[in-house]
Each structure stands twice: as structure tokens, then as C-alpha cells.
Amino acid sequence: MRIEGVHATPGFSGFYFDDQRAIKGGASQDGFAYVGEPVTDGFDSIRQAGEALLVELELADGTVVRGDCAAVQYSGAGGRDPLFQAEEYAPVVEGPVAEELVGRDAADFLENAELLEELDVEGDRLHTAIRYGVSQALLAAAAEAEGTTRTDVLADELGTEPATEPIPVFGQSGDDRYVNAEKMFVKGVPVLPHGLINAEEKIGSDGETLLEYVEWLVSRSAELGPDGYEPRLHIDVYGMIGEIFSAPYDRPEVVDYFAALEDAAGPLPIQIEGPMDVGDREAQIEAMCELRDGLAEAGVGVDLVADEWCNTFADVQAFVDAGAADVVQVKTPDLGGIQRSARAVQYCDGTDTRAYLGGTCNETETSARACAHVALATNAAQVLAKPGMGFDEGYMIVENEMRRTVARRARERREIEDEVTADD
């Protein structure tokens, strides 16, 4: 089935763009907004509405499939592509991208998606958000052409065995870390709560506030969760442990703090994302290895999650090869084409590093559903509930997409088995 048309419409994403450099430079919050001038190129204000570019592919039979171009909340920071402005990039999708794709066989997902990775427009590679969104539409097009699920298309292309149950979903609380965590407990979310521990008042000058929060999570999960509920605690500290304790990270004070976190978690497994942020990839890997070795030597069972300086496919490879983390986050919009996120998860196979298929609150329901198929096709360790920071909506989107896909694949297997039985 041929691709007959490519269309792009500017729209909204599920959260906001924030100028990280301005915020780290001391910009203060005024309600939901920030006071001060932006410092990152492209920003008109420190916090501004998130944008998405809504891509539609027309197929020869009249079917229309979709993908959404989106970028992370902290766009333009840490070596990422510039701030993604939908109006600016719509002509690129309807121009050079359309010229490459129209007339191609929709069933050739991987070939079509990799074509975008190599496409050069006026001397520049396509923005990661464009590669991300258009590849989602290409995946949906291939599934339509083959009459199968997006999970199966990816699995067939990459040679994987898809999961037969939904992948554990990781709920993110945003700053409303108590109420949203309680929502997660009631729904029995398997991994939680993120916590957004990005300032000293949220962790405590000696880390005591975070310890109290972990103790509360354990107690409240037992009160509100379903029978037998034992969630994995995953807390993102945005480098704040490093801010409090500083290097070296294998010294007793640091290791003892992680031991206290393990004690506070009691019977629940706990993993800490971004324990420090030391300024560049190689130094971050060294610091993470130092801490991980110190914890292992002391017998402290707190897992470490790589986030800072782990943005691209090459970054994921570097962290995994060094054994710098128990878990790496695969930040889907930062990797470009969605097939690259799948390959990043695959790269963790056979190592002692688990793959967390993440992304950002600043995506859309379309990109979130596409990522649910990546998670199933690659059997990721966990997948982020997205978009937005309200928790319920993102959890519903990702969990339900996986459930309906698992159910469809199970029905199709039963039908095949029944046919074989009937023939015998």
C-alpha cells in the first residue's frame, strides 16, 4: 500500500516548555509562571505552552494514520535540538519529508523511518521531534498495510519476542507528590511516584525530607493499595543527593544515606534516578560507577537510574557499556525516530542494565500510544505514563493501549490455534 500524502498541523502538547537554564539561574516562580527573562534561544518566556506538530499520512486505500512531533519539557538544553516550534517546522514536514515519503510502500516501516534519520534539509539533519513524530505515523501506516498491530510490526522488524502482558507503568506525580501518589496506590500502579525532588526544600538539607517521604509512601501504599500490592519506588532527585553530599560518591556518608533510603523503603524495592549531575557525560558515568560500586561493596540494595547526560542512543550505549546504572531511561523524543528508542531498549538485553522507556510529560496521547507498542515489542522493564502531570490521564492512555493490544494479539493467536486444530 502506497503513501499518498503527508500533512502537518500545529497543535498543543500535554505540558509546557521550560527554559531550564533560566530556572537553574535563579528564576523564581509566580504561581504557575516564572518571573524573569528567558536565556535559551527560541524562548519568549521562561515557561510557555508546549507545542506539537500533528502529522497525518494518507494511504492509497483512503486510510489516514497519525503521529505527533513533540519535544521534551526542557528543550534546547543539554545539547538537545533547539526549541521545537510547530509553525516553523510544518513546512519541513509537508515539503522535504513529504517529497521523500510519498509513493513509498507503507509496509516498509524500518526502511522508511531510517530514510528520515539520514535526510538532510539545507545542510541540517531533521529536528529530533520531526523524526520522532513522522516515524510514529510510519509505524501506524505499516500496521495498517499489514493488517496487524504496531507491536507486531516492530517485533518483526527488530526480531524481538513481544510481551504477553502489559509492561509495568511508571506513574509521575509532578509537584503534587502526595495526592497523586495516593491516586497511584488506589489504582495499583506498579512503579511510582517520580516525586520531582528538584530543590533542597524537597529533599531536606541533610536528605531527611526525602526519607520521610519514602516512609510515607510505604505506609500509605499499604493503606490504599489492593491486596498484595508491592510497588517499586522510583524517585527522581535531579542530582540533589550530589548537591547535598558531593563527591566522592562511594564515601561512607553517601553510602549510609542510600542505606537509610533502603531502610525507609522497607519491603519495597527502590530506585533513585539522577542521584547527581556533574556536568558532562563522561564525568557522570564515572560518578555513577563510583556510587554503584560503593553501594555494591556495602550491600546496599538501592538501584540507580541514569537520566542526566543520557539523552541519545550513543549515550545509552555508553552508560550500559560502563555498567554505570541498574536502569537507563530511554528518552523517546531525544532519540529521533521511534525505532531508535526500540533499539536502545534492545541494547540493554543481555546486560545487567534494565531499560526504562521514558520520555516527557510534554508529549501527546498519540506519541504515548506509539511508545506503548515500543514497550511491548521490546519487553522494556517499565514504561512512563504520559503525557501531562495529572497522572490519571497518562496512565489511562498507556495502560489501556497495552491492554487492548495484548488482548488483540491473544485473540489472534487463539484463532490461529483453532484453525490448526480444525485442519488436523
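Numbers at a glance
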| quantity | calculated |
| --- | --- |
| Per-peptide average of other Cβ atoms within 10 Å, ordering 55-64, 320-329, 281-290 highest first | 320-329, 281-290, 55-64 |
| Residues of region 386-411 with amide N under 14 Å of a point placed 7 Å along Cα→Cβ from THR148 | 409-410 |
| Set of region 43-86 residues, backbone N closer than 12 Å to the point 7 Å along the Cα-Cβ line of GLU393 | 50 |
| Residue-normalised accessible area of region 139-295, given per residue in Å² at a 1.4 Å probe | 40 Å² |
| Sites GLU417 and GLU230, calculated FRET efficiency, Cβ-Cβ separation with R0 30 Å, nearest 0.05 | 0.30 |
| Options ALA52, HIS7, VAL134, ranked by Cα towards positive dipole end of region 1-157, top entry (Cβ charges) | ALA52 |
| Mean Cβ neighbour count within 10 Å, used as a protection proxy, ranking 364-374, 187-197 highest first | 364-374, 187-197 |
| Spin-label model distance (nm) - MET1 vs GLU253, 7 Å beyond Cα toward Cβ | 6.2 nm |
| Fully extended contour minus Cα-Cα distance, from GLU165 to GLN29, at 0.36 nm per residue | 44.8 nm |
| Reference-scaled alpha-carbon Rg (2.2 N^0.38 Å with N residues) for the chain | 0.99 |
| Net dipole in debye of the chain [+1 Lys, Arg Cβ; -1 Asp, Glu Cβ; about Cα centre; nearest 20] | 680 debye |
| Fluctuation leader among ALA113, ALA145, ALA137 - the chain, Gaussian network, Cα springs under 10 angstrom | ALA145 |
| For region 101-237, convex hull volume per residue from C-alpha positions, Å³ | 173 Å³ |
| Only Lys, Arg (+1) and Asp, Glu (-1) charged, at Cβ; region 53-205 dipole about Cα centre in debye | 960 debye |
| Linear extension gain, VAL64 paired with ASN198, 0.36 nm per residue minus alpha-carbon span | 44.1 nm |
| Members of LYS331/LYS386; LYS24/LYS183; LYS24/LYS202 lying beyond 19 Å, as alpha-carbon distances in this model show | LYS24/LYS183 |
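The values are calculated or read from the model by the stated rules, or taken from the named source; none is laboratory data. Here the structure is a predicted model, which means the values were calculated and not measured. Cβ coordinates were reconstructed from backbone atoms using ideal geometry, including for glycine residues, and neighbour counts include every protein chain displayed. The protein model used for the area step is the full one, side chains on, heavy atoms only, and it has no ligands, DNA or RNA in it. Shrake-Rupley method; radii C 1.70, N 1.55, O 1.52, S 1.80 Å.
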